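Here's the structure we're looking at; comments come further down.
The values are calculated or read from the model by the stated rules, or taken from the named source; none is laboratory data. All values reported here derive from a predicted model rather than from experimental measurement. Cβ: placed from backbone, ideal geometry, glycine included. Neighbour counts: every protein chain shown. The area values use the complete protein model at the heavy-atom level, side chains included, leaving out ligands, DNA and RNA. Shrake-Rupley method; radii C 1.70, N 1.55, O 1.52, S 1.80 Å.
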Amino acid sequence: MAPEPAMTDLTPDQRLRQLELTVTRRLDGLLHGERRGLLPGPGSEPAGSREYRPGEDEVRRMDWSVTARTAVAHVREVDADRELTTWLLVDASPSMEFGTAELDKRELTVAAVATIGFLTAGPGNRLGAQVLTPYGLHRVPARGGRNHLFGLLRALLAGPRSAAGSNTTSRFAHSGADLAEALAAVHRVANRRGLVVVVSDFLDGLPDEPGFPARWERPLRRLVVRHQVLAVEITDPRELELPDVGLITLTDPETGRCREVWTGDRRLRERYAEAAAAQRDQVRHSLRRSGATHLGLRTDRDWAVDIVRHVHAQRRLATASGAPRRGGVA
């Protein structure tokens with residue numbers, strides 16, 4: 001059997017058809033039935049109370065009035081929402097154009113968005129997006145239907161790419177919003193409780209000193225208070241370690257600044273790997289403190305397998321906690 005052509009060898013429409021086949025074949029078991037999705041959901045409509053189960057129930061769901069009246073700890077129960085609005089924040093900044101494996105980070109971002117679109121599809125469900133581009137934020141209104149999803153995917157694939165190291169890239173880096181501002185914009189448009197998915201490398205706004213919060217941590221926490229939030233972190237292996245290939249030129253895609261580096265220096269490669277690991281630890285700690293659910297995808301891994309594992313893990317968590325599920329989310 002002939003191997004499938006590389007994604008970069010296909011036209012945008014061919015890429016989308018191949019992506020649709022990949023999602024429907026590889027994630028087929030997740031696309032059936034009413035209860036499907038990415039996160040366990042508590043719903044939002046009140047539906048009485050029940051006794052508190054230590055170790056299973058969250059304290060924030062305590063029904064204090066019933067607890068005081070009965071002298072027995074109770075938690076609020078809620079009915080699952082029947083319709084879901086999903087808001088995507090898609091990072092399409094220059095740093096997302098990097099890639100050294102099967103896909104670049106932009107292609108992997110499109111794959112993640114496509115999967116989220118298929119997993120949250122359903123009668124009455126809607127999908128909207130805020131796309132963080134070098135030009136600023138581009139809003140895609142929340143609508144339902146396959147045509148709307150594919151229109152968003154085409155726009156993400158066809159978006160202009162900046163030339164790394166050029167004056168154009170440097171100008172772009174200072175003309176658009178950053179991730180923190182984009183999260184604040186999502187908070188303004190996501191009026192109804194639902195699902196928010198942030199797809200980014202989360203490199204924007206990281207502090208120089210470890211232990212300090214990222215600039216985007218506070219606005220992300222604000223979203224978590226009202227919505228279910230999934231943070232999809234996109235990484236490439238060359239962001240984590242340097243190969244021993246002699247003299248190379250490194251370019252900051254966000255600013256266009258270049259620097260020549262001799263990768264034959266073992267100690268330099270070790271320092272780079274240590275700094276990269278510390279940077280990723282900062283991202284993980286910030287996401288954990290914000291309360292968002294974290295899904296890591298890499299350009300050198302099977303993204304479909306990683307998503308399936310994540311969904312199954314979230315469903316096991318929901319089953320273990322006994323939490324009711326929100327329609328279209330879990």
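Numbers below:
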{"quantity": "Complete set of residues in the range 110-144 that are modelled with pLDDT of 90 or more, touching a helix residue (DSSP H, G or I) at 6+ places or on another chain (Cβ under 6 Å) and more than 14 Å from T86 (Cβ to Cβ)", "calculated": "V110, A111, L132, L137"}
{"quantity": "Residues within the range 84-117 that are within 15 Å of the chain's Cα centre (by Cα), among the hydrophobic types (A, V, I, L, M, F, W, C) and open to solvent by 10 Å² or more (accessible area, probe 1.4 Å), tallied", "calculated": "2"}
{"quantity": "Helices (runs of 4 or more DSSP H) within the range 62-158 that include 2 or more residues without any contact (Cβ under 8 Å) to a residue 12 or more places away in the chain", "calculated": "64-70, 146-158"}
{"quantity": "In the range 195-226, the residues that are assigned to a loop (DSSP other than H, G, I, E, B), open to solvent by 10 Å² or more (accessible area, probe 1.4 Å) and touching a residue at least 40 places away in the same chain (Cβ under 8 Å)", "calculated": "L203, D204, L206, P207, P210, P213"}
{"quantity": "Filtered residues of the range 75-96 (kept if modelled with pLDDT of 85 or more and of a type outside the set (G, A, S))", "calculated": "L84, T85, T86, W87, L88, L89, V90, D91, P94, M96"}
{"quantity": "Residue ranges of strands (runs of 3 or more DSSP E) in the range 228-292 with at least 3 members out of contact with any Lys or Arg (no Cβ under 7 Å at 6 or more places or on another chain) and open to solvent by less than 20 Å² (accessible area, probe 1.4 Å)", "calculated": "228-235"}
